[in-house]
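The values are calculated or read from the model by the stated rules, or taken from the named source; none is laboratory data. In this text, all values refer to a predicted model and were calculated from it rather than measured experimentally. Methodologically, a virtual Cβ is constructed for each residue, glycine included, from the backbone with ideal geometry; neighbour enumeration extends over all protein chains shown.
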Amino acid sequence: MHVLSKAGTICRLFAVGAFVRDSLIAGNWKMNGTRSSAAALARGLAAAVSGSVRCDVVICPPLVFLQEVAECLAGSDVALGAQNVDHRTEGAVTGEVTAGMVKEFGCSYVLVGHSERRSLFHESDEVVAEKALAVLASEMTPIVCVGETLAQRQAGVTSRVIGDQVRAVMAAMTPVAFAGCIIAYEPIWAIGTGETATPEMAQAVHSDIRCMIAEQDAETAQGIRILYGGSVKADNASGLLAQSDIDGALVGGASLKQDEFVAICEAAGV
Ligand code: 13P
């Protein structure tokens, strides 16, 4: 299959037999909830999702609720993730936690480079890449978030911005390590705004990302999962998830509502 990337490059993606990428629905609870509301939501999701949904599901509560949530998810089909870790392995870094620490709580995924961290905490592409490496070193899966601002989209530089963000991570690690990452495309203008990229807009960027990766490694490009995030809700999930290069969703606000999140998981499992 040949695809024309937005950068104007022809990229060739090999149809590798029956290459199936399992869908992943990730809930990013951000800085919301209480200890008891987190436990109630986790317990509810564990019961609602287990055995009935045919996609991978992970929830990322605030760090201080990891223990509570891990206990509620024990034995269920819902995995545990962290929203952030530091890239260092120990030391005098007040207020931060390491990848190894969240792994001890049972996390198997960690979000890195969320746009809120890039903007509020000035995380550079290089730091994001180091965090992804730290997560891999602790045998967890980094979900590397990338995305453009509205001004960048309007200026027509989306492909360049996303390319810089993705290539910084690729450049920091071996192709084998990069194949262990998940990418989440989250246009910043769609986060928490109720404004979603149309399925076609999202698909165009996802295919562009896959092409950038294929320029280095066609097999990784075929296998890597690319999630979409930004105002994903029960009523727009199926249109987005039906796109050939969208392999799941990173859900913010709607992941705090059990029925809404379960409905998104169900949309991914069909
Ligand atoms: P919303 O789904 O609330 O737009 O948030 C998206 C997001 O930032 C997930 O990481």
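Structure summary
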| read-out | value |
| --- | --- |
| Looking only at segment 212-255, and only at residues there that are under 26 Å from PRO175 (Cα atoms) and among the charged types (D, E, K, R), the one that is surrounded by the most Cβ atoms within 10 Å (Cβ to Cβ) | ASP247 |
| GLY27 being within 16 Å of the ligand (Cβ to nearest atom), of a type outside the set (Val, Ile, Thr) and assigned to a strand (DSSP E or B) | yes |
| Residues of segment 75-116 satisfying the condition of being assigned to a helix (DSSP H, G or I) and surrounded by 15 or more Cβ atoms within 10 Å (Cβ to Cβ) | ALA99, GLY100, MET101, VAL102, LYS103, SER115, GLU116 |
| In segment 176-200, the residues that are buried (at least 17 other Cβ atoms within 10 Å of the Cβ) and without any contact (Cβ under 8 Å) to a residue 60 or more places away in the chain | PHE178, GLY180, CYS181, ILE183, TYR185, PRO187, TRP189, ALA190, THR196, ALA197, PRO199 |
| In segment 233-270, residue farthest from the ligand (Cβ to nearest atom) [restricted to those that are under 16 Å from the mean Cα position of the chain (by Cα) and small (Gly, Ala, Ser)] | ALA268 |
| Unique match (being within 16 Å of the ligand (Cβ to nearest atom), of a type in the set (A, V, I, L, M, F, W, C) and outside any loop (DSSP other than H, G, I, E, B)) among VAL166, VAL128, VAL176, VAL161 | VAL128 |
| Enumeration of residues in segment 18-44 that are farther than 19 Å from ALA184 by Cα, touching a helix residue (DSSP H, G or I) at 6+ places or on another chain (Cβ under 8 Å) and not polar (S, T, N, Q) | PHE19, GLY33, ARG35, ALA38, ALA39, LEU41, ALA42, ARG43, GLY44 |
| Long-range neighbours under 8 Å by Cβ, at least six apart or interchain, first residue on the phi > 0 side of the Ramachandran plot within segment 63-83, second hydrophobic (A, V, I, L, M, F, W, C) and outside any helix (DSSP H, G or I) | none |
| Identity of the residue in segment 44-74, part of a helix (DSSP H, G or I) and over 16 Å from GLY106 (Cα atoms), that ends up modelled with the lowest pLDDT | VAL49 |
| Candidate set from segment 19-62 (those that are closer than 20 Å to LEU227 by Cβ and without any contact (Cβ under 8 Å) to a residue 60 or more places away in the chain); member that is surrounded by the fewest Cβ atoms within 10 Å (Cβ to Cβ) | VAL20 |
| Residue in segment 191-232 that is nearest to the ligand (Cβ to nearest atom), counting only those that are among the hydroxyl-bearing types (Ser, Thr, Tyr) and farther than 17 Å from VAL20 by Cα | SER231 |
